[in-house]
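A short write-up of the structure that comes next.
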Amino acid sequence: MHEKEILGIESEILRFGVDYFQDKGFTQLLPVMLSPITDPLGPDPNSSVIKTGEIEYCGQKLQLMQSMILHKQIAISKGLDKIFILSPNIRLEHPKRMKSGKHLFEFTQLDFEIKDAKMTDVFELMEEYYSKLFIHLKKTKSKELKILKRVLPEMKLPFPKLHTRELIEKFGEYWELKASKYYKIPFWAISHKREFYDKSDPKKSGEYFNYDLVYPEGFGEALSGGERDHEYKILMKKIKDHKLDQKKYEYYIKLAKAGKLKPTAGAGFGIERLTRFVCGLKHVGEVQLFKRIPGKRVEV
Ligand code: ASP
Ligand code: MG
């Protein structure tokens, strides 16, 4: 039901996103889908991947892309300043995520990275993005939104910024859904233990310069990102602590050792989740013509 309206809205979201990032001086890269390395995704508490997809080709093991984070850092090491990718990702989530409403095992994120940026730069960029996008959609897609009986919430700026510690105090350990239902506008959740590449506070153990954006009205996680660690010593320690296979990361580690990785910040947000939020849908799978819902058999 309503595929035409939903996909029409998603298509407009894609057009708007490409224009927005291009107009801000970002270079659009084409996606990479197979590589010896990809985002390891752990120990992000939001990830439940049961395995990383892998194929063997010409004697080499290549992984299906879980996110292009490492490629984003490498791209910046090659002299690019601001990049984005419409990046298809495969994340083989646990079947228990079938009914979460927000998980797909194949989805596309708009993934971006900025040289020399700080968290606050990402906050500003994305807050402007959401507020302009919503104004644009109210103008261009009012007919479709009416058919979907969706009244878009007001994007009042700035979005609230909360430390995850505060969220846990207020809403408990599993704060995401409760907080998402409580807030009327998106909010930032700052600092949580995630992957090795997110920047740890060198002065305070257990603190991170990273963030999620959470949609209101119970729609949950929208975006994840952070400032990045780029120094060889720090990265090596974290790669060891996270028990990652150093051999796989050889190329990346070599760049770090040569001082080629740069301080950057970035994030990625799922296109299907954004479309779900805009359309006010119960499950993100409703956005896909070819459904990729964890634990559900794929028909086509
Ligand atoms: N794209 C995210 C980032 O930039 C990582 C992710 O996909 O979760 O940190
Ligand atoms: Mg995340």
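The values are calculated or read from the model by the stated rules, or taken from the named source; none is laboratory data. All of these numbers come straight from a predicted model, not from anything done at the bench. No Cβ is skipped: glycine too gets one built from the backbone with ideal geometry, and neighbour counts run over all protein chains shown.
Worth pointing out:
- Residue that is farthest from ligand 1 (Cβ to nearest atom), among those in region 63-95 that are of a type in the set (Gly, Ala, Ser) and in contact with a Leu (Cβ under 7 Å, 6 or more places away or on another chain): SER77
- Taken together, LYS254, LYS238, LYS247 contain a single residue that is of a type in the set (D, E, K, R) and part of a loop (DSSP other than H, G, I, E, B), which is LYS247.
- Index of the failed condition, ILE253 passing every other in (1) buried (at least 17 other Cβ atoms within 10 Å of the Cβ); (2) in contact (Cβ under 8 Å) with a residue 40 or more places away in the chain; (3) more than 16 Å from ligand 2 (Cβ to nearest atom): (2)
- Filtered residues of region 152-179 (kept if free of Cβ contacts under 8 Å to residues at least 24 places away in the same chain and either outside any helix (DSSP H, G or I) or hydroxyl-bearing (Ser, Thr, Tyr) (or both)): GLY172, GLU173, TYR174
- Any chance LEU125 is within 14 Å of ligand 1 (Cβ to nearest atom) and aliphatic (A, V, I, L, M): yes
- Once region 216-237 is narrowed to residues that are acidic (Asp, Glu) and touching a strand residue (DSSP E or B) at 6+ places or on another chain (Cβ under 7 Å), the residue that is nearest to ligand 2 (Cβ to nearest atom) is GLU221.
- Checked against the criterion of being modelled with pLDDT of 95 or more, surrounded by fewer than 15 Cβ atoms within 10 Å (Cβ to Cβ) and either within 16 Å of ligand 2 (Cβ to nearest atom) or assigned to a helix (DSSP H, G or I) (or both), region 39-53 has no qualifying residue.
- If you go through region 285-300 and keep only what is part of a loop (DSSP other than H, G, I, E, B) and either of a type in the set (A, V, I, L, M) or touching a Gly at 6+ places or on another chain (Cβ under 7 Å) (or both), you end up with LEU289, LYS291, ILE293, VAL298, VAL300.
- Hits in region 105-127 - residues which are more than 14 Å from GLY268 (Cβ to Cβ) and either of a type in the set (A, V, I, L, M) or free of Cβ contacts under 8 Å to residues at least 24 places away in the same chain (or both): ALA117, MET119, THR120, GLU124
- Candidates in region 22-38 are the residues that are more than 14 Å from ligand 1 (Cβ to nearest atom) and not in a loop (DSSP other than H, G, I, E, B); of these, the one that is nearest to LYS254 (Cα to Cα) is SER35.
- Residue that is part of a loop (DSSP other than H, G, I, E, B) and surrounded by 14 or more Cβ atoms within 10 Å (Cβ to Cβ), where the choices are GLU221, GLU195: GLU195
- The listed residues are LEU80, LEU62, LEU86, LEU14, and the only one of them that is assigned to a loop (DSSP other than H, G, I, E, B), more than 16 Å from ligand 2 (Cβ to nearest atom) and touching a strand residue (DSSP E or B) at 6+ places or on another chain (Cβ under 8 Å) turns out to be LEU80.
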